[in-house]
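The structure under discussion appears below in the form of structure tokens.
Computed from the coordinates by the stated procedures, all read-outs in this text should not be read as laboratory data. As the structure is a prediction and not an experimental result, all values here were calculated from the model. Methodologically, a virtual Cβ is constructed for each residue, glycine included, from the backbone with ideal geometry; neighbour enumeration extends over all protein chains shown.
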Amino acid sequence: MNKALATLIATAAGFGFGVVAHAQTTDSQLAPGTPGTTTTTTVTTETIETRLVPPTAAGLTPSEAHDARVQSRADYKTRKDMAKADHEQAKADCRINSEGAVERACKADARAAEKKDKADAKLIHEQEVQDIDSQTK
């Protein structure tokens, strides 16, 4: 009985601290309706990425737009490289932890995950480029 009560109290205390920590982290973010800023939300197959974008009224100069496109392209390549590295790691795990048909299925799952991650990276990049183009003067 005492162990169960102690576990319950520890769980409640941990939950309380987690809620307080969450409240502190969300308070420091800008609200979506803050004047002078807009938010862009990119929804991919499973991930949602939100970026803070300068207001469209100010616009971007051609050189700023070029710099933003270069940065977006670099981020895209980085995401693709990370997907490839994750795939290689997953394949190595499959070789170590399984054999035969299970290993082949594991590798196929790793390949599917890589394709999904690369598709997500492409969607994010295309959305960023569209956002940049819409804000260019």
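Some points to look at:
- Cβ-Cβ FRET estimate between residue 67 and residue 123, R0 fixed at 35 Å, reported to 0.05: 0.95
- Greater than 25 Å apart at Cα, pairs in 77/116; 77/137; 77/115: 77/137
- Taken along the Cα-to-beta-carbon direction at a fixed 7 Å, the label points for residue 134 and residue 86 span 2.6 nm.
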